[in-house]
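Trainee: After the structure tokens below, expect a handful of questions from me.
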């Protein structure tokens, strides 16, 4: 490698800086660097948590926790010349630098610091098939620190994924390119999930690892472990600070997700500067508390063997997820910007790029991949094909021996729904007993669990209120991972992101999750990513209005229906009774690339005449009508628990001789997608006398009721009292509908 | 105490259960119970984290962490007979049981288990004046596990707060009562913040403790510590599971908030059952990792001296917040329901209430407070008055000696804004340089920091992007708490809730906090509580549209403006230039009981002719107009960065002879509050040709533009590309406005 000595000096300098940051002064932790080829570090010894140890301990580590083992360096079989490894790592660095530079936008610091981890994962550790990125049994990789996406694009490019060609790298962050500003699974084949908002990726990874553990437990046989892959994550300081990551990682520890391996890019820099200003906790100790195995790689910049040994150790720990804290230098290689926030989120600038080229001994033009690096990585195409072929053969064996299981697994892999599944949906007549839609939801979930092998989920510690338990299954737990009731604890945000991971693991996995509707506020960032990344998660949101009563305004949603109706690519469904709840589930199951939110009542509701599954599929439809010629005197529009009120108001008005149409408006999005003719048949333009009633914000209803219509709703916070009393005091009543209808018709 | 022996037997049984749960088998941890009067436990010894200790250790504690000290029992000065303490505690239990029973709704389990902690805090530890709950230097108490609010109502009642009389207890959870279903500061005087949504309270408490530490550092003198109080919290397993609590507690540890003392009700039960099903992390270890002092009270049911000793120890630790893990039995005293989820959230039922009365030896009718208990608590009225009088005398001394400081502190205590403060707001002319509103925001913040002593805040690791640094101040840190730039790290949710705590500490504290607008999704639950609990937090939300460019759809808000416009009691402001930014700040500062969200641009915007502070105060106003008689041909309505586009479109249309009015619609809420006459003067009913333009969801705009108008916006997710390109591709252009205007006018 040309000019490698300058590279060496820089590395040494930066390494020393990283180490001094940790103030390691014990001789047993001394790291000796010996020459250009960066061989294994000598002198690095494991120092265990054994308190009786008589060895001198590191003086005062910056982040507490003296019980974490540093990696033991093992002699691994090396298949690749170290200089080629180094060259490959620098290729990753410069592809990232060059793409950010060309875009004049992006985050070069992380790819430069994490290139060694990235190289080792994609070149040495992970099992995947670049020509079939959807191969079921691939190892999953998540870049939770999504701003560093050029790292992943560079790796996908080297590994031979067709989705990231040289031209794509050159179009980084440009309109219509396959290399957007953060990793987006719907834009770039080979990217598993959508990250960028911090903490989401690590929680997605928990979901992916949960899915693997669940499917492995369900389908693996002593003679055929057909499901068997790891989930790798790179996350940064930002992810660590976010509460969602603590939630998800607490669950990962609880569930003992041994095949989840998270590499924590411990670079001490966040946007505002040194993490000292806001983040001085002991991450090590916290993760030990969460039940993880924790390893510290002190030299993530050039300690390739340390990284390899840590991953090997992590794989050997089967009953716990592993956090590998990898201390790195952000922007490694940049002589003037490394280890500073200035390299985090801006292009280096031509001058510094040049200096970095010189410093790392990189004589190539922008975007160049040296031939030997190219050649080295080219093996992943045949190797990946071979891995998949081997697995296919294994699956053929499996299919021969375990026919039914194979068919079930196949449907999970393909996402093909079993024929006639929708016949399982329960139906109701007006004579069926009144019930809360949360209970009707449970009937649907249990009916569907009989026919949908990929349905699994649970609640954020409200299973008995959200009514989400699948009766024929037990709890998904560390030692019973084959079960399908997931207990998320009071961790709404983590729950949503974990479900995104489950949904994106396999097209046939259909995760649902539940809490009170108002607490979508806790998980909104995850729900938005469901919508963006096309994860068909089903959000079972009960206690959907002031109808929950005494718990009061902190628990009563008001603006939530409106806030989700405004969100792109999501279905907000508010069924009114049994048939509509079944319809909502039909829609939710069919929409595998669009999440659904079901807003469900705590209180009992009657089974209304005129409701139907088919009606729900159209979003809005006529439930009852005594008009003719598509010319009612007035149209009453209700959703969910207020459809009943609209129906009763219509009865009263009809008694007084009015021609009244009642419309259920269960999903605005679905109605919007109908033909103009259908819309006109439900809401004729000529009829401006329209009254809507919904126990939530009236915001947005003007679009439906028009300038001359009336929207009855609640534009204030709720109150603590029995539900009936609040409805009355807030004017969500039949009388109010009748009065409004008379006023305008 | 009558029938105390049955009480004793129960206590003993439950205690044994709680202890066996922890499988403590070391002789040094044996707890001996001796007789009815529950004296100090003997035999309980501190076992420290000293690894060289040769004492036998507890075998395998359920929640890991073997480094946490159990409380050492100290001989404290007892001023109260133990049987009276017990009676007081049972009074708290039965007031809670009776109120829940009467309401047939509520959560008896927590008050029954936490009554000992509650008694000790309110009767023995805390300093407050029940007849002036707003006394500035009071200790703050937060019930983070807000569902247990009957505990707090019972305590306020006993302590002599006028807000909770016997009649109020009898109206628990009823319409119009002062005892709603969760603690609400705006309903019940004496309640500090609004809790219920889990994890919020502990984060609020971090804010309260931050405020105390900040004010103490700013105002205390060696001879006069005028600011000096503690913040106490009770939180439960649910709070512990929520990510927000980890975020806030990580900051509390980082800041060394030594006067924050959190009692963790470790009762092993959440709604879904035993916490074993979803929560097996070592909370102790996690909190040690977060930099807290951790103490374990093994017997929270009857170990009063243990609780006392733990609080004493916590107060002695000055440089760290303390978590006291108090192991309790949920529903303590209920023979058939204690230690089960059934006692968490439902009334006990008449039969079980009776059994509990018998069990705890409670012969009184519902809601009865025994005379000796009443008499005992009655001292808090004179004592509280004396405490305040003493402090007032101290303040008088302070005022004499430190006149200026006293005046400043006074204004923080009273919330009275300094006369003429608004003159500090910067003004701009069309000749002022174009600038991003995020930069203009920083000019305002810095100008206001000169005149508002209570302004402090910061960003979630985006200070240099959100432009929130106050240049004349340093960072609020552990050793520089007198400074005003708060570094929240990447913890949006914790940040919002901490700011709620700061705002509710003193009327004159004006906290602001910042992140990218899209990440309001991470903190929405805290923002909603700002709105509900009337905390005038200022949310500085930059990068407010696709105008942020290359970071792409994960970072580009779309539905966010609509989602906040639908939220009650919050001001959503989107200023267009310098004058409007100043106007937005004026509104935000004046609205001390309503939070404000300022949506600010990343990109440069021109200073537009016609904009004004006064206009912003009206929410919507005419920026330019060439029509007469209030009859324009068309009205163009814009907000924020799109007002410029509307203005340019108007120029074009006017050149073609049209009479065009341009309206800035900076805050829908403020416009809604104007008189009908004013509204008509801006948006005359007769003019139906209206075009709105806003780089966000069109949801809701139909109300403004009417059925015949056009709303130009974005009803899909964004994209990764340079901002100008996205605007063009999405049709957020002058040309689109002109075309729409021509189509309808």
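Trainee: From the list B:573, B:532, B:590, pick out the single residue that is surrounded by fewer than 24 Cβ atoms within 10 Å (Cβ to Cβ) and either free of Cβ contacts under 8 Å to residues at least 12 places away in the same chain or closer than 24 Å to residue B:508 by Cβ (or both). Steps first, answer last, please.
Mentor: Values: B:573 fails: surrounded by fewer than 24 Cβ atoms within 10 Å (Cβ to Cβ); B:532 fails: surrounded by fewer than 24 Cβ atoms within 10 Å (Cβ to Cβ).
That would be B:590, the only listed residue that is surrounded by fewer than 24 Cβ atoms within 10 Å (Cβ to Cβ) and either free of Cβ contacts under 8 Å to residues at least 12 places away in the same chain or closer than 24 Å to residue B:508 by Cβ (or both).
Trainee: Step by step: first the residues of segment A:652-685, then only those that are part of a helix (DSSP H, G or I) and out of contact with any helix residue (DSSP H, G or I) (no Cβ under 9 Å at 6 or more places or on another chain), then the one that is nearest to residue A:737 (Cα to Cα). Which residue is that? Before you say what the answer is, go through the steps one by one.
Mentor: Step one: list which residues in segment A:652-685 are part of a helix (DSSP H, G or I), which gives A:652-655, A:668-672, A:676-682.
From what's left, out of contact with any helix residue (DSSP H, G or I) (no Cβ under 9 Å at 6 or more places or on another chain): A:654-655, A:676-677, A:680-681.
On the way: A:654: 13, A:655: 15, A:676: 27, A:677: 27, A:680: 23, A:681: 22 Å.
Out of the qualifying residues, it is A:654.
Trainee: Please indicate, with yes or no, whether at least one residue in segment B:663-676 is free of Cβ contacts under 8 Å to residues at least 24 places away in the same chain and either within 14 Å of another protein chain (Cβ to nearest Cβ) or closer than 24 Å to residue A:706 by Cα (or both).
Mentor: Our first condition is that a residue be free of Cβ contacts under 8 Å to residues at least 24 places away in the same chain; within segment B:663-676, this holds for B:675-676.
Those still in the list that are either within 14 Å of another protein chain (Cβ to nearest Cβ) or closer than 24 Å to residue A:706 by Cα (or both) too: B:675-676.
Yes, the conditions are met somewhere in segment B:663-676.
Trainee: Can I ask one more? Enumerate the pairs (first residue in segment B:376-397 and surrounded by 15 or more Cβ atoms within 10 Å (Cβ to Cβ); second residue anywhere and at pLDDT 95 or above and assigned to a helix (DSSP H, G or I)) with beta-carbon separation below 7 Å, excluding pairs fewer than 6 apart on the same chain, so at least 6 apart or on different chains.
Mentor: B:376/B:84; B:376/B:88; B:377/B:123; B:377/B:158; B:377/B:159; B:380/B:159
Trainee: Checking residue A:164 against (1) surrounded by fewer than 24 Cβ atoms within 10 Å (Cβ to Cβ); (2) within 30 Å of residue A:345 (Cβ to Cβ), which single condition isn't satisfied?
Mentor: (1)
Trainee: For residue B:331, only one of the following conditions fails: (1) buried (at least 22 other Cβ atoms within 10 Å of the Cβ); (2) out of contact with any strand residue (DSSP E or B) (no Cβ under 7 Å at 6 or more places or on another chain); (3) more than 24 Å from residue A:555 (Cβ to Cβ). What is its number?
Mentor: The number of the failed condition is (3).
Trainee: Let me ask another. Mind listing whichever residues of segment A:302-323 are more than 14 Å from every other protein chain (Cβ to nearest Cβ) and out of contact with any strand residue (DSSP E or B) (no Cβ under 8 Å at 6 or more places or on another chain)? Break it down stepwise before answering.
Mentor: At the first step, the residues of segment A:302-323 found to be more than 14 Å from every other protein chain (Cβ to nearest Cβ) are A:302-318, A:322.
Correct list: A:302, A:304, A:305, A:308, A:309, A:312, A:316, A:318.
Trainee: Residue A:282: out of contact with any strand residue (DSSP E or B) (no Cβ under 6 Å at 6 or more places or on another chain), in the same structural domain as residue A:172 (by the TED database) and surrounded by fewer than 24 Cβ atoms within 10 Å (Cβ to Cβ), yes or no? Full working, then the answer.
Mentor: Numbers: out of contact with any strand residue (DSSP E or B) (no Cβ under 6 Å at 6 or more places or on another chain): yes; in the same structural domain as residue A:172 (by the TED database): yes; surrounded by fewer than 24 Cβ atoms within 10 Å (Cβ to Cβ): no.
Spelling it out, it is not the case that residue A:282 is out of contact with any strand residue (DSSP E or B) (no Cβ under 6 Å at 6 or more places or on another chain), in the same structural domain as residue A:172 (by the TED database) and surrounded by fewer than 24 Cβ atoms within 10 Å (Cβ to Cβ).
Trainee: Looking at residue A:525, is it crowded, with 24+ Cβ neighbours inside 10 Å and more than 8 Å from chain B (Cβ to nearest Cβ)? Steps first, please.
Mentor: Numbers: crowded, with 24+ Cβ neighbours inside 10 Å: yes; more than 8 Å from chain B (Cβ to nearest Cβ): no.
Criteria not met by residue A:525.
Trainee: From the list A:188, A:195, pick out the single residue that is part of a loop (DSSP other than H, G, I, E, B), over 22 Å from residue B:729 (Cβ atoms) and within 14 Å of another protein chain (Cβ to nearest Cβ).
Mentor: Working: A:188 fails: over 22 Å from residue B:729 (Cβ atoms).
It is A:195.
Trainee: Please verify whether residue A:431 is surrounded by fewer than 19 Cβ atoms within 10 Å (Cβ to Cβ) and either in contact with a strand residue (DSSP E or B) (Cβ under 8 Å, 6 or more places away or on another chain) or part of a helix (DSSP H, G or I) (or both), treating the condition exactly as stated. Write out each step before concluding.
Mentor: On the way: surrounded by fewer than 19 Cβ atoms within 10 Å (Cβ to Cβ): yes; either in contact with a strand residue (DSSP E or B) (Cβ under 8 Å, 6 or more places away or on another chain) or part of a helix (DSSP H, G or I) (or both): no.
Criteria not met by residue A:431.
Trainee: Here's another thing I want to ask about it. Restricting to helices (runs of 4 or more DSSP H) lying wholly in segment A:219-294: which have 3 or more residues that are within 15 Å of residue B:286 (Cα to Cα) and either within 9 Å of another protein chain (Cβ to nearest Cβ) or touching a helix residue (DSSP H, G or I) at 6+ places or on another chain (Cβ under 9 Å) (or both)? Show your work before the answer.
Mentor: Working: elements: A:237-241, A:243-255, A:283-289.
Fully inside segment A:219-294 and qualifying: A:243-255, A:283-289.
Trainee: Check segment B:144-165 and report whether any residue there is at the interface with chain A (Cβ under 9 Å from one of its Cβ atoms), under 22 Å from residue B:117 (Cα atoms) and within 24 Å of the chain's Cα centre (by Cα). Full working, then the answer.
Mentor: Filtering segment B:144-165 for residues at the interface with chain A (Cβ under 9 Å from one of its Cβ atoms) gives B:146-147.
With under 22 Å from residue B:117 (Cα atoms) added as a condition, the list becomes B:146-147.
Cutting the leftovers down to within 24 Å of the chain's Cα centre (by Cα) gives us B:146-147.
So far as segment B:144-165 goes, yes, one or more of its residues are at the interface with chain A (Cβ under 9 Å from one of its Cβ atoms), under 22 Å from residue B:117 (Cα atoms) and within 24 Å of the chain's Cα centre (by Cα).
Trainee: Taking the conditions exactly as written (within 26 Å of residue A:739 (Cβ to Cβ) and touching a residue at least 24 places away in the same chain (Cβ under 8 Å)), does residue A:616 satisfy them or not?
Mentor: On the way: within 26 Å of residue A:739 (Cβ to Cβ): no; touching a residue at least 24 places away in the same chain (Cβ under 8 Å): yes.
So residue A:616 does not fit the description; no.
Trainee: Which of the residues spanning segment B:610-628 are farther than 25 Å from residue B:548 by Cβ and in contact with a strand residue (DSSP E or B) (Cβ under 7 Å, 6 or more places away or on another chain)?
Mentor: Of everything in segment B:610-628, those that are farther than 25 Å from residue B:548 by Cβ and in contact with a strand residue (DSSP E or B) (Cβ under 7 Å, 6 or more places away or on another chain) turn out to be B:610, B:615, B:620, B:621, B:622, B:624, B:625, B:626, B:627.
Trainee: Tell me, which residue of segment B:172-185 that is surrounded by fewer than 24 Cβ atoms within 10 Å (Cβ to Cβ) and facing another protein chain (nearest Cβ under 10 Å) is nearest to residue B:252 (Cα to Cα)? Walk me through it before giving the result.
Mentor: Residues of segment B:172-185 that are surrounded by fewer than 24 Cβ atoms within 10 Å (Cβ to Cβ), as a first pass: B:174-178, B:185.
Checking the rest, the ones that are also facing another protein chain (nearest Cβ under 10 Å) come to B:174-177.
Values: B:174: 37, B:175: 37, B:176: 36, B:177: 35 Å.
Per the criteria, the residue is B:177.
Trainee: Now for a separate question. Only one residue in A:233, A:193, A:206 is over 20 Å from residue A:311 (Cα atoms) and either surrounded by fewer than 24 Cβ atoms within 10 Å (Cβ to Cβ) or in the same structural domain as residue A:282 (by the TED database) (or both). Which one? Even if it seems obvious, please write down each step before you answer.
Mentor: Details: A:233 fails: over 20 Å from residue A:311 (Cα atoms); A:206 fails: over 20 Å from residue A:311 (Cα atoms).
Checking each option against the conditions leaves just A:193.
Trainee: Consider residue A:207 against the criteria (1) within 11 Å of another protein chain (Cβ to nearest Cβ); (2) assigned to a helix (DSSP H, G or I): it satisfies all of them except one. Which criterion is unmet?
Mentor: If we test residue A:207 against (1) within 11 Å of another protein chain (Cβ to nearest Cβ); (2) assigned to a helix (DSSP H, G or I), just (1) comes out false.
Trainee: Which condition breaks for residue B:447 when tested against (1) in contact with a helix residue (DSSP H, G or I) (Cβ under 7 Å, 6 or more places away or on another chain); (2) assigned by the TED database to the domain that holds residue B:469; (3) touching a residue at least 24 places away in the same chain (Cβ under 8 Å)?
Mentor: Condition (3) is where residue B:447 drops out.
Trainee: Please pick out the residue among B:326, B:317, B:369 that is at pLDDT 95 or above and over 30 Å from residue B:293 (Cα atoms).
Mentor: Details: B:326 fails: over 30 Å from residue B:293 (Cα atoms); B:317 fails: over 30 Å from residue B:293 (Cα atoms).
One residue alone meets the criteria, B:369.
Trainee: Which of the numbered conditions does residue A:727 fail, given that it passes all the others? Conditions: (1) outside any helix (DSSP H, G or I); (2) within 14 Å of chain B (Cβ to nearest Cβ).
Mentor: Failed condition: (1).
Trainee: So which of A:697, A:692 is crowded, with 24+ Cβ neighbours inside 10 Å, assigned to a strand (DSSP E or B) and within 14 Å of chain B (Cβ to nearest Cβ)?
Mentor: Details: A:697 fails: assigned to a strand (DSSP E or B).
A:692 is the lone residue from the list that is crowded, with 24+ Cβ neighbours inside 10 Å, assigned to a strand (DSSP E or B) and within 14 Å of chain B (Cβ to nearest Cβ).
The values are calculated or read from the model by the stated rules, or taken from the named source; none is laboratory data. Values in this document were obtained by computation on a predicted structure and should not be read as measured data. Don't worry about glycine lacking a Cβ; one is built from the backbone with ideal geometry, like all the others, and counts go over all protein chains shown.
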